[in-house]
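> Handing you this structure, nothing more for now.
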């Protein structure tokens, strides 16, 4: 019998496949067509998202009722700290000025996930953010190694690949802790539905982030 995590994964699988795995951004990386401006735009959008991640995870811990869930959010928040600095480092190695390039607002994809998670942490049930983690850590664990390996074909990324490399490694461990948290929270049918819906919405927003990277390559370029 499938557990709650596997059942939820089966529910979101069509969205994952059709909107994320088969997104043109992924094909661009794998097929050797990635450009420096598009990669920089991806790092920019990612910078905004990961810069806020420790904050909404900490807020989720503050509003969670169960002690184990409070600890889970805090542990993940600690692990996710300073990942925005990896994006800044990579942008510098791409010859971008981070202060100028990152001075604007995030695109719709990052904006949606940031707003979603701050809302869930404070105004809803923080356990929903386990669904966000299932989406993002799952992407890092599954697509991360493939993307990190594919980046080896790009000369401009040889010294600007720290964010992808770190997440390709760390997310393998994180996804296992996410599965355990999901199973525990999913003992409540209401929480199962909330986490699964958040998982799906996060995947849709991540697909938008990829689109933002493809379409925003000229914004703020050096």
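None of the figures in this text is laboratory data; all of them are computed from the coordinates on show. Values in this document were obtained by computation on a predicted structure and should not be read as measured data. Neighbour counts run over all protein chains shown; Cβ positions are idealised from the backbone, glycine included.
> Angle check, please: helix 36-63 long axis (alpha carbons) against the longest principal axis of the chain (alpha carbons), in degrees 0 to 90, nearest 10.
20 degrees
> Here is a further query. For the chain, find the longest principal axis of its Cα atoms and tell me its angle to the long axis of helix 4-15, 0 to 90°, nearest 10.
Compared with the principal axis, the helix lies near 40 degrees.
> Project the alpha carbons of region 9-68 onto their principal axes and report the range along each, largest first, in whole Å.
47, 30, 13
> Hey, rough spin-label estimate for residue 79 and residue 22, points 7 angstrom out along Cα→Cβ, what's it come to in nanometres?
That separation, rounded to one decimal, is 3.1 nm.
> What residue among 54, 14, 126 shows peak mean-square fluctuation when the chain is described by a Gaussian network model with Cα springs under 10 Å?
So, out of 54, 14, 126, the one fluctuating most is 14.
> Taking neighbour Cβ counts within 10 Å as the exposure measure, how do 93, 23 sort from fewest upward? Kindly include the intermediate steps, with their values, before the conclusion.
Values: 93 15, 23 19.
Ascending Cβ contact count within 10 Å gives the list 93, 23.
> If you don't mind, there's one more thing I want to ask. Efficiency by 1/(1 + (r/R0)^6): what FRET value for residue 162 and residue 65, r their Cβ-Cβ distance, R0 = 45 Å, to the nearest 0.05?
Details: r = 37 Å, r/R0 = 0.82.
Efficiency, from the Cβ-Cβ distance: 0.75.
> Which of the peptides 66-75, 40-49, 116-125 is most tightly packed, and how do the rest follow, judged by the mean count of other Cβ atoms within 10 Å per residue?
Working: 66-75: 16.0, 40-49: 24.4, 116-125: 17.5.
Going by the mean number of other Cβ atoms within 10 Å, highest first, we get 40-49, 116-125, 66-75.
> Additional query: Taking springs between alpha-carbon atoms closer than 10 angstrom, which of 144, 32, 109 fluctuates most in the Gaussian network model of the chain?
Its mean-square fluctuation being the largest, the pick is 32.
> Does region 1-117 come out rounded, prolate or oblate by the C-alpha gyration tensor, with a ≥ b ≥ c the root eigenvalues, rounded set by a/c under 1.5 and, if not, prolate when a/b is larger than b/c and oblate if not?
On the way: a/c = 2.45, a/b = 1.25, b/c = 1.95.
It comes out oblate by the Cα gyration axes.
> Something else: Using alpha-carbon positions, what is the distance between the centroids of region 21-44 and region 80-122, in Å?
Going from one Cα centre to the other spans 17 Å.
> With angles folded into 0 to 90 degrees, how steeply does helix 108-123 sit against the dominant principal axis of the chain? Use alpha carbons for both and round to 10.
So the inclination is approximately 30 degrees.
> If you don't mind, another one. Quick one: among 100, 148, 13, which has the greatest mean-square fluctuation in a GNM of the chain with alpha-carbon springs under 10 angstrom?
Highest fluctuation of the listed residues: 100.
> How many times 2.2 N^0.38 Å is the alpha carbon radius of gyration of region 4-215?
Working: Rg = 16.5 Å, N = 212, 2.2 N^0.38 = 16.8 Å.
That works out to 0.98 for region 4-215.
> Hey, can you rank 6-12, 178-184, 207-213 by average C-beta count inside 10 Å, highest first?
Values: 6-12: 16.3, 178-184: 19.3, 207-213: 21.9.
Sorting 6-12, 178-184, 207-213 by mean packing, highest first, produces 207-213, 178-184, 6-12.
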